[in-house]
1. Using alpha carbon centroids, what distance separates the stretch 77-130 and the stretch 242-263, in Å?
2. Express in Å², to the nearest 10, the accessible area of Thr24 obtained by rolling a 1.4 Å probe over the protein heavy atoms while all chains stay in place.
3. Quick one: how many Å² of Asp131 are accessible to a 1.4 Å probe, rounded to 10?
4. How much length would be gained if the chain were fully extended between Arg21 and Glu237, taking 0.36 nm per residue of separation minus their Cα-Cα distance, in nm to one decimal?
5. Treat each spin label as a single point 7 Å out from the Cα along the C-beta direction, and report the Lys72 to Arg43 distance in nm.
6. Gln112 to Gln126: extension gain in nm, 0.36 nm per residue of separation minus the Cα-Cα distance?
7. I want the local charge near Glu237. Using Cβ-Cβ distances under 14 Å, sum +1 for each Lys or Arg and -1 for each Asp or Glu among the other residues.
8. Computed FRET efficiency, Cβ-Cβ of Lys9 and Asn270, R0 35 Å: what is it to the nearest 0.05?
Amino acid sequence: MFRQKNMLKGALSEQLEDMKRTFTADFTAIALYDAINLEMRWRIAKGSLNNRYSNIVIRNDKGICGKGLQLKRTVMITDFPNEMAETAIEYPLLFVEELKSMMATPLFFNGQLMGVLLAGTRHQRQFTGQDISCLETVAAEMLANFLMQGNQVDPPRTELEESHLLSHFFASAQEKYRGDLEMFLLDQRITRIKDDQQAQLITLVDRILETIYNTNDVKVKFYSESTSEEYFSLLFEINQYFDLAEEVFSDLATMARQINGRVELNCETNQSVLSIRFRFGQDF
């Protein structure tokens, strides 16, 4: 089985590399659906700026995957994020890979979702009908390769209920701090935790943002990502040296402990990272 998986990964990697050349793309990737955990993850990529794409967990009704699933056809973006500013937070892959244009096609077998195939560039580009046709042909070949390796299509399960408290908070925070705050929900399962837990996180994140923005001319990148299957991290990357008074850090640490989390602050001359790590599950 291990050898079989390695053979499949190698074959898909070669096809993604071929795609880069065929489309003169900067980045190509394939996301595969996990029917047990009801989530999509970008499993293999070529041309990546970093390994952050592998930490992205996608809700099937959002972003690139959501569009492809709803329309059941190839979707395109030619000027990200300008053409969908109101939902840009739902496209973490395009942010972390700095993509401006992309096309993505869903992989279906017997009406069941298998994955999503994507090709993108870090400059604006118009994709042609021939490009789309070629991508769909590659997707069909990849799907055939996937099935030939003995992979099964699992029956669909009921989607987990989602609360919108954190989603609304993130949207309002971006509006409040506008160009000084970028938010990347790499692991979107965070929006599925219980309302009372989301409320605790909102209180903590709001307090941190207010503390950070008491400093003039500061810019922040905020990430939510999984560090393992069980643990989440919330990261605040600050574009300057940023230290906290002992009593302020103590207050934040106390709030984090209420969700069984811990706070860390690493300061450098030109950048500081404030992080909160906690365990994901039914209870914090």
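1. What the calculation gives is 38 Å, centre to centre.
2. Number for this one is 100 Å².
3. Surface open to solvent at Asp131 totals about 30 Å².
4. 74.4 nm
5. 2.3
6. Gain in length upon complete extension: 2.1 nm.
7. Counting the neighbours of Glu237, the net charge comes to -2.
8. Using R0 = 35 Å, I get an efficiency of 0.40.
The values are calculated or read from the model by the stated rules, or taken from the named source; none is laboratory data. Remember, it's a predicted structure, so these values are computed and weren't measured experimentally. When we count neighbours, we look across all protein chains shown, and the Cβ atoms used for this are built from the backbone with ideal geometry, even at glycine. We work out accessible area using only protein heavy atoms, side chains counted, and drop any ligands, DNA or RNA first. Shrake-Rupley method; radii C 1.70, N 1.55, O 1.52, S 1.80 Å.
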